[in-house]
1. The conditions are (1) crowded, with 19+ Cβ neighbours inside 10 Å; (2) not in a helix (DSSP H, G or I), and B:LEU110 fails exactly one of them. Which is it?
2. If you go through segment B:238-255, how many residues are closer than 17 Å to B:PHE299 by Cα and in contact with a Phe, Trp or Tyr (Cβ under 8 Å, 6 or more places away or on another chain)?
3. Could you check, for segment B:123-141, whether at least one of its residues is touching a Ser or Thr at 6+ places or on another chain (Cβ under 8 Å), part of a helix (DSSP H, G or I) and in the same structural domain as B:THR85 (by the TED database)?
4. Need a quick list: helices (runs of 4 or more DSSP H) entirely within segment B:146-262 having at least 3 residues that are in contact with a Lys or Arg (Cβ under 7 Å, 6 or more places away or on another chain).
5. Checking the condition within 10 Å of chain A (Cβ to nearest Cβ), of a type in the set (Asp, Glu) and touching a Phe, Trp or Tyr at 6+ places or on another chain (Cβ under 7 Å), which residue from B:ASP205, B:ASP183, B:ASP211 passes?
6. Looking at A:ARG90, is it more than 27 Å from A:LEU62 (Cβ to Cβ) and either in contact with a His (Cβ under 7 Å, 6 or more places away or on another chain) or assigned to a helix (DSSP H, G or I) (or both)?
7. Going through segment B:72-100 one residue at a time, which ones are in a loop (DSSP other than H, G, I, E, B) and surrounded by 13 or more Cβ atoms within 10 Å (Cβ to Cβ)?
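The values are calculated or read from the model by the stated rules, or taken from the named source; none is laboratory data. Predicted model only: the values in this text are computed from it and were never measured. Quick reminder, even Gly has a Cβ in these numbers, built from the backbone with ideal geometry, and neighbours come from all protein chains shown.
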Amino acid sequence: MPPVLVIDHHNGVPAYRQLMDQIKFQIAAGVLKSGEEMESTRALSAALSLNPMTISKAYGLLEREGVLERRRGQTLTVRAAEGGQAAAARAEVLGKALEAAAATARQLGISDAEALRLFKATLNAHQHEHD
Amino acid sequence: MHTSMNTTDTLTSVRPVVARNLTKRYGRHTALNGLTLDLPEGRVVGLLGRNGAGKTTLLNLASGLILPSEGTIETLGVSTVDLDTPQLTRLGVVQQEGRCIEWMTVRQHLDFNASFYPRWDRDLERRLVDALEVDPKRRIAELSPGDRQKVGILLGVCHRPSLLLLDEPASALDPIVRMQLLDVLLERLRDDGCTMVISSHLLSDVEKIVDWVIALDAGELVENAAFDELQESFAEWTVLPRNGELPGQFDEPYILSREGNWRQAVIRVRTAEADAAVQFAERHGVEVRSRPLNLEEMFPLITRKKATS
């Protein structure tokens, strides 16, 4: 069964963007593996109750960014990333998530050292949760 | 199952609706004023506007139900004065309060309408009767407003039109049936690639399906753009001073509104520049946190003409 994608129609982020971010996240996290076949535009449109144009747009842009590739026979698959690329993709996903935290730190006037200490502490807390 | 019916269709590549300087007056009241518009094909167009903005007038002009006072409008390639069988069989109209033949049962009405359309899809009809939970044995006269609306939808889509005009199609439907309706419309889109225009006040519904937005204000066209583009250009910024206080005024032309005081301001902006917030922060020595706006939040900014400053 393909991994679940969830679209929030009410948060103002275009649905195609949400799709792209989630697919990138799933690839970075290894949920979608390289060479794996993407669901057809039609099937995904039915599953998510989403305009098929939105899905073609997301797929098209991911293809242009080199995240997906269209093989002969028209199937769209996850492109195999080279070592460096996979790491860069993971860093990009985390960097995006950290942006809001960085803005908050600046607005609160928290020093860089203090912000880094907090992030470390938060990481540690999560490690304990999972161990 | 339906693909066999998607045979070469000479009319599908015709522009759905083209209006030039379209004006409609009712006595002294101008409902639509000099509208020029070329509806994009294969899209789901959200027709937005406040009450009395001209939405129903535009839809009725497009379906040929009323004729323009000035200007021209072509639907499926033909002036609406001359709409005839080839166009009318490809046009689906769901009116706000559709007129039905009251003494008929739902079943009879479906059969009656089906007799006019060579493309009437019985299989689709059966599935929609199920999905929308309509009892075909009931008489039209006995139906609740919600059930009437469902019949209106059935009568508007079962002939698989290539242009579907929906005027407040969900206003009397409960949330569960509204979801079913959206799925029905999306299915039509996938199977037939038709063009849809939906006017609705239920913006959170529209948001799920629309990929193009047309907005009217007092009879004039005030917006005509891809929905993605709108979502990417409207934003709300929370602005805090980096040290001290905020300037008394920001004069960037893309600012639509400002609230707050010298300690914190919330401004709504419209700009296609991706790094506008960063540049703004730099220029004014402030911190900016940006979030996108949903359609409900955009609506007043789109439908109200730019505030006269």
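1. (2)
2. Filtering segment B:238-255 for residues closer than 17 Å to B:PHE299 by Cα gives B:254-255.
Checking which are in contact with a Phe, Trp or Tyr (Cβ under 8 Å, 6 or more places away or on another chain) leaves us with none.
Of the residues in that region, 0 qualify.
3. If we filter segment B:123-141 for residues that are touching a Ser or Thr at 6+ places or on another chain (Cβ under 8 Å), which is where we start, we get B:136-140.
Subset that is part of a helix (DSSP H, G or I): B:140.
Restricting the remaining residues to those that are in the same structural domain as B:THR85 (by the TED database) gives B:140.
The answer is yes, given that some residue of segment B:123-141 is touching a Ser or Thr at 6+ places or on another chain (Cβ under 8 Å), part of a helix (DSSP H, G or I) and in the same structural domain as B:THR85 (by the TED database).
4. Working: elements: B:175-192, B:203-209, B:227-233.
Passing ranges, in order: B:175-192.
5. Details: B:ASP205 fails: touching a Phe, Trp or Tyr at 6+ places or on another chain (Cβ under 7 Å); B:ASP183 fails: touching a Phe, Trp or Tyr at 6+ places or on another chain (Cβ under 7 Å).
Only one candidate passes the filter, namely B:ASP211.
6. Working: more than 27 Å from A:LEU62 (Cβ to Cβ): no; either in contact with a His (Cβ under 7 Å, 6 or more places away or on another chain) or assigned to a helix (DSSP H, G or I) (or both): yes.
So A:ARG90 does not fit the description; no.
7. Hits for segment B:72-100 are B:LEU76, B:GLY77, B:LEU83, B:THR89, B:ARG90, B:GLN95, B:GLN96, B:GLU97, B:GLY98, B:CYS100.
Results for (1) among the polar types (S, T, N, Q); (2) more than 29 Å from A:LYS33 (Cα to Cα); (3) within 14 Å of chain B (Cβ to nearest Cβ); (4) exposed (fewer than 12 other Cβ atoms within 10 Å of the Cβ), shown as yes or no for each residue.
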site: A:GLN85; (1), (2), (3), (4): yes, no, no, no
site: A:ARG90; (1), (2), (3), (4): no, no, no, no
site: A:ALA102; (1), (2), (3), (4): no, yes, yes, no
site: A:ILE110; (1), (2), (3), (4): no, yes, yes, no
site: A:ALA113; (1), (2), (3), (4): no, yes, no, yes
site: A:ARG117; (1), (2), (3), (4): no, yes, no, no
site: A:ALA121; (1), (2), (3), (4): no, yes, no, yes
